[in-house]
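Participant: Let me begin by handing over the structure; questions about it come next.
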Amino acid sequence: MKKTILSIAIALTVFSTAFAKAPEKVNDLAMASFRKDFHNASEVKWTASSMYVMATFKMDNKIQYAYYDYQGNLIGLVHHILTSSLPEDLNNDIRKHYSDYWVSELFQVSSDQGSFYYIQLKNADETVVLTTEGTDSWHRYSVAKSSVCL
């Protein structure tokens, strides 16, 4: 269940093109858990939906995103990374199979199921989102054709 919620949250937050919905109320359990888990965090901003609460914050000079359920349990932690921070085999696979694409988003997700990556690649014709969730290699999460307006 947590993995499903985290995947939905990530897709909506990072790669979202959906309409914004008024946030639900941020709850005290999530805020208390966050203060305990990330006591050195600064610049904390909260958003909420019907399924999760998200804290956007700065720690160790990195912007990070912590997702909590409404019982105050940490669902996962997300932060953007550079391709040079990817494991070598994943980086080589991107270079080999997607050399005509550029990286528009790349982030690491850490949860109680482990760590995995999401990468959004673009070229003139399409946008591809790959993930390592559940595997040690890339697999397609979604593909969208680019629309050209003339």
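Participant: Among what's in segment 1-39 and is at pLDDT below 95 and polar (S, T, N, Q), pick the residue that is farthest from VAL109 (Cα to Cα).
Facilitator: ASN27
Participant: Which one of the conditions (1) more than 19 Å from LEU29 (Cα to Cα); (2) free of Cβ contacts under 8 Å to residues at least 60 places away in the same chain; (3) not small (Gly, Ala, Ser) does TYR118 fail to meet, given that it meets all the rest?
Facilitator: The single condition TYR118 does not satisfy is (2).
Participant: How do the pairs read when you match residues in segment 31-59 that are farther than 14 Å from GLY72 by Cα with residues anywhere that are among the aromatic types (Phe, Trp, Tyr), using Cβ under 7 Å and keeping only pairs 6 or more apart or on different chains?
Facilitator: ALA41/PHE57; SER42/PHE57; GLU43/PHE57; VAL44/PHE57; THR56/TYR65; PHE57/PHE38; MET59/PHE38
Participant: Quick one: would you say GLY72 is under 30 Å from VAL26 (Cα atoms), in contact (Cβ under 8 Å) with a residue 12 or more places away in the chain, in a loop (DSSP other than H, G, I, E, B) and not aromatic (Phe, Trp, Tyr)?
Facilitator: Considered against the rule, which asks whether it is under 30 Å from VAL26 (Cα atoms), in contact (Cβ under 8 Å) with a residue 12 or more places away in the chain, in a loop (DSSP other than H, G, I, E, B) and not aromatic (Phe, Trp, Tyr), GLY72 comes out as yes.
Participant: For segment 105-147, what are the residues that are among the hydroxyl-bearing types (Ser, Thr, Tyr), over 11 Å from the mean Cα position of the chain (by Cα) and in a strand (DSSP E or B)?
Facilitator: SER111, SER115, THR127, TYR141, SER142
The values are calculated or read from the model by the stated rules, or taken from the named source; none is laboratory data. These numbers were taken from a predicted model, which means no experiment stands behind them. Counting neighbours? That spans all protein chains shown, and the Cβs are built from the backbone with ideal geometry, glycine included.
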